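To keep things clear, I will list the structure first and then write my remarks on it.
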Amino acid sequence: MTTAPTSTRPRGNRRAEILDAAARLFAARGFHGVSIEDIGGAVGVSGPALYRHFSGKEALLAELLLDISSRLRESAVAVVTACGAPGEILDALLDAHITFALEQPALITVHDRELGNVPEPERRQIRRLQRLYVEEWVTVLAELHPSCPAARLRAATHAVFGLLNSTPHSAGELAPAAMRPLLHAMARAALTSAVSEH
C-alpha cells in the first residue's frame, strides 16, 4: 500500500533534468555558491538557455521545493484514502516518507538550508503544503490514539520527520535495504513512546 513520491522524473524532460541537477548542486555548494551557468553546465546547455525554463535561480529553487512538497502531500493523501486499518496506513505513511528520505537526501538538505532564499509567496505555499502533509499524519495518529491531544500528535509527527530526514547524515554506512527497516522501527518506537506518555 506504499505510495511514495516519484523519485525520478520522466527521461527526456529537460525541465526535470534541470531541477534534479540544481538540487544536487545546491545541496553540495549552497544556493549562493551555484550559478545559472553551473546548473546549465550540469545538464549540457548554456546558462542563458535555462531562462527558457526558469526566470532565475530563485524561481528554480521555488519550483524545486514546491514540487517535492506537493508530491509528498499527494502521496500521503493517496495512502490515507486507501482502504486499510489505521496501523497499516501509518506503516504505509512511514514507508513512503522513508523512500523519499533515502532517495532524495539532496532535497532534504536544500530545504533545510535554502527555504529562506525562496520568494515569500512561494514560501507560503510550501509551508501550507507542509502543514497539510503533517495533518494527514495527525489524522491517522488520532484514529490510533483518540485520547492523545492533537498538539502532541503534531509535535510527535514533526519530531519523527526530523528523525527520518536525517538521511543526509545518517545513511552513509548502511545500505538502503538495512537503513529502511531501521528508520521504520525507530520512527514507530518514537511515535509509540510519544503518545503513550501523555
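The values are calculated or read from the model by the stated rules, or taken from the named source; none is laboratory data. Bear in mind that the values here come from a model prediction, so they are computed numbers and not experimental data. Reconstructed Cβ throughout: ideal geometry from the backbone, glycine too, with neighbour counts over all protein chains shown. Side chains are part of the model used for accessible areas, which takes the heavy atoms of the whole protein and leaves out ligands, DNA and RNA. Shrake-Rupley method; radii C 1.70, N 1.55, O 1.52, S 1.80 Å.
With a cut-off of 12 Å between beta carbons, the residues surrounding Val79 carry a summed charge of -4, where Lys and Arg count +1 and Asp and Glu -1. Rounded to whole numbers, the Karplus 3J(HN,Hα) couplings from phi for region 46-56 are 6, x, x, 5, 5, 5, 6, 9, 9, 6, x Hz, using 6.51 cos²θ - 1.76 cosθ + 1.60 with θ = phi - 60°, and x at Gly and Pro.
Considering only protein heavy atoms and a 1.4 Å probe, what is the carbon-and-sulfur percentage of the accessible area of the chain?
Of the solvent-accessible surface of the chain, carbon and sulfur hold 55 percent.
Separation of region 139-155 from region 160-198 is 19 Å, based on Cα centroids. Note: relative contact order over region 85-198, using C-alpha pairs below 8 Å and six or more positions apart, is 40 percent.
Solvent exposure of the chain, expressed per residue, is 49 Å² of accessible area, with all protein chains present and a 1.4 angstrom probe.
Extents of region 84-155, largest first, come to 39, 26, 17 Å (Cα atoms, principal axes, whole angstrom). Only helices reaching 20 angstrom along their own axis (Cα) with mean Kyte-Doolittle hydropathy no lower than 0.0 count here, and for the DSSP H runs of the chain these are 14-29, 57-81, 86-103, 150-164, 176-196.
Here the label points at Glu88 and Ala178, each 7 Å from Cα along the C-beta direction, are separated by 3.2 nm in the simple model. Restricting the calculation to Cα atoms, the chain shows an Rg/Rh of 1.00 when the hydrodynamic-style radius is the Kirkwood one. Close amide H pairs (under 5 Å, H built 1.01 Å from N) link Val45 with no residue at least 5 positions away or on another chain. Label-to-label distance for Arg128 and Ser55 is 1.8 nm, based on points extended 7 Å past Cα in the beta-carbon direction. Taking the Cα centre of the chain as origin and assigning +1 to Lys and Arg Cβ atoms and -1 to Asp and Glu Cβ atoms, the resulting dipole is close to 340 debye. Estimated from helical segments only, the mean residue ellipticity of the chain at 222 nm is -23500 deg cm²/dmol, where each DSSP H run of four or more residues counts as -39500 (n - 2.57).
Within the shell of other residues whose beta carbon sits under 13 angstrom from the beta carbon of Phe26, the net charge comes to -2, with Lys and Arg scored +1 and Asp and Glu -1.
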